[in-house]
Amino acid sequence: MQHILDNQNNQLQSIISKSKRLACLDQQVKKNLLADLAPHCTVANLQAGHLVIAVDSAVWATHLRYQIPELLQKLRTDEQVPQLITIRCYVKQAVPEAKKRSREPLKLSQQSIDNIISTAGYVKDEALQQALLRLAKQK
């Protein structure tokens, strides 16, 4: 069990690290965009020198496309993304609002509670361990 959790922690740390890098890059991108365009753009991914930016609508995608050459040049001179090759953009799909259902919360079985508590004992991350214990205490 410990081996599995250690492996998952490494994968989790990798995901957290990439997420932090993308958040930092998102701030840099927004800083280099026009003020009216920046709130409509979000860095989605950076892989192998290809930056992907998600935008709210086709209108904002058009505005971004006009700024890509200048943005590309500015980001390449930045110390964090000198390897940048291209910038692509795509329009985020609108997610329909979920219908709210009034139902009783699901209850955990005693076996599930015991498994969660047992797993929390193996977790090294204090915040995750506390979250698991809070989950186990819900009734």
Expected output for region 32-57 (first residue closer than 21 Å to residue 95 by Cα, partner in a strand (DSSP E or B) and open to solvent by 70 Å² or more (accessible area, probe 1.4 Å), Cβ below 9 Å, 6+ apart or cross-chain) is 44/90; 52/88; 52/90; 53/88; 53/90; 54/90; 55/90
Qualifying positions in region 67-94 - farther than 19 Å from residue 48 by Cβ, exposed (fewer than 11 other Cβ atoms within 10 Å of the Cβ) and touching a residue at least 12 places away in the same chain (Cβ under 8 Å)
none
Take the residues in region 105-121 that are open to solvent by 100 Å² or more (accessible area, probe 1.4 Å) and modelled with pLDDT of 90 or more; name whichever of them is farthest from residue 138 (Cα to Cα).
111
Flag if residue 26 is open to solvent by less than 80 Å² (accessible area, probe 1.4 Å) and at pLDDT below 90:
no
Among (1) open to solvent by less than 100 Å² (accessible area, probe 1.4 Å); (2) over 24 Å from the mean Cα position of the chain (by Cα) - the single one residue 132 does not satisfy
(2)
Report the residue count in region 36-66 for those that are under 22 Å from the mean Cα position of the chain (by Cα), over 16 Å from residue 22 (Cβ atoms) and open to solvent by 30 Å² or more (accessible area, probe 1.4 Å).
5
If a residue has to be touching a Leu at 6+ places or on another chain (Cβ under 7 Å) and basic (Lys, Arg) to count, how many in region 45-76 make the cut?
1
Taking only pairs six or more apart or across chains, which ones have beta-carbon atoms under 7 Å, a first residue in region 110-139 that is in contact (Cβ under 8 Å) with a residue 60 or more places away in the chain, and a second residue that is among the polar types (S, T, N, Q)?
122/2; 123/129; 124/9; 125/9
Set 74, 99, 107, 124: member being part of a helix (DSSP H, G or I) and of a type outside the set (Ser, Thr, Tyr):
74
What's the number of the only condition in (1) among the charged types (D, E, K, R); (2) at pLDDT below 90; (3) over 30 Å from residue 136 (Cβ atoms); (4) out of contact with any helix residue (DSSP H, G or I) (no Cβ under 7 Å at 6 or more places or on another chain) that residue 100 fails to meet?
(3)
Regarding region 95-104, can at least one residue be identified that is touching a residue at least 24 places away in the same chain (Cβ under 8 Å) and either over 22 Å from the mean Cα position of the chain (by Cα) or surrounded by 10 or more Cβ atoms within 10 Å (Cβ to Cβ) (or both)?
no
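The values are calculated or read from the model by the stated rules, or taken from the named source; none is laboratory data. Keep in mind it's a predicted model, so treat the numbers as computed, not measured. When we count neighbours, we look across all protein chains shown, and the Cβ atoms used for this are built from the backbone with ideal geometry, even at glycine. Ligands, DNA and RNA are stripped out before the accessible areas are found, and what is left, the full protein with its side chains, is counted by its heavy atoms. Shrake-Rupley method; radii C 1.70, N 1.55, O 1.52, S 1.80 Å.
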